[in-house]
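Worksheet: one structure, shown below.
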Amino acid sequence: MSSALEPGSDAIDPELLAYADAVLNGSPTDRAAAQEALRTSRGDAAVVDAAGVIANFSQMNRIADAAGIALDAPTQMFAEQLIDDGGYRNFASAENTEPIGTAKRIAGRGLRRVAPTALRAQSAIAARFKRSRD
């Protein structure tokens, strides 16, 4: 989504995040306000890009749920707190994924602490590599 956030940047775009949150969790009024804020901040192309990414991930999640695809262990370790806090174990598709043990829960907590920094570093390295090849 280069129109919304430049690759390699570690900046978080608040309008983009607010739009994604409003599309997934907000009322029609929330969505309209967030869309307008993103359009004002980044332009029409950013709104189109963001809507496309949100729709694509929503579609992939529905396909995975319908097909009964279980979460892989690393993803589950990272997302365990979100799964618990969000009540996602109440969904029928949760039957496809076995609960993880205590050791993996603890490892997941550690991953959640270091992941943002690691992902920003990875993004910066990828951007430098891309610039060196251009």
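Return the pairs, sorted by first residue and then second, in which the second residue is assigned to a helix (DSSP H, G or I) and basic (Lys, Arg), the first residue lies in region 31-50 and is surrounded by 19 or more Cβ atoms within 10 Å (Cβ to Cβ), the beta carbons are less than 7 Å apart, and the residues are 6+ apart or on different chains. Here the result reads VAL47/ARG39, each pair linking region 31-50 to a residue that is assigned to a helix (DSSP H, G or I) and basic (Lys, Arg). Taken over region 40-90, the criterion of being outside any helix (DSSP H, G or I), within 28 Å of ILE100 (Cβ to Cβ) and not β-branched (Val, Ile, Thr) is satisfied by GLY68, ALA70, LEU71, ASP72, GLY87. Going through (1) under 24 Å from VAL23 (Cβ atoms); (2) of a type in the set (Asp, Glu); (3) surrounded by 11 or more Cβ atoms within 10 Å (Cβ to Cβ) one by one, ASP85 falls short only on (3).
Applying the condition of being hydroxyl-bearing (Ser, Thr, Tyr) and out of contact with any Leu (no Cβ under 7 Å at 6 or more places or on another chain) to region 88-109 and asking which residue is surrounded by the fewest Cβ atoms within 10 Å (Cβ to Cβ) yields THR102. The residues of region 51-81 that are over 18 Å from the mean Cα position of the chain (by Cα) and either modelled with pLDDT of 90 or more or surrounded by fewer than 11 Cβ atoms within 10 Å (Cβ to Cβ) (or both), listed by number, are ALA66, ALA67.
The values are calculated or read from the model by the stated rules, or taken from the named source; none is laboratory data. Note that the structure is a prediction, hence the values are computed from the model and not measured. Cβ sites come from the backbone with ideal geometry, for glycine too, and all protein chains shown count toward neighbours.
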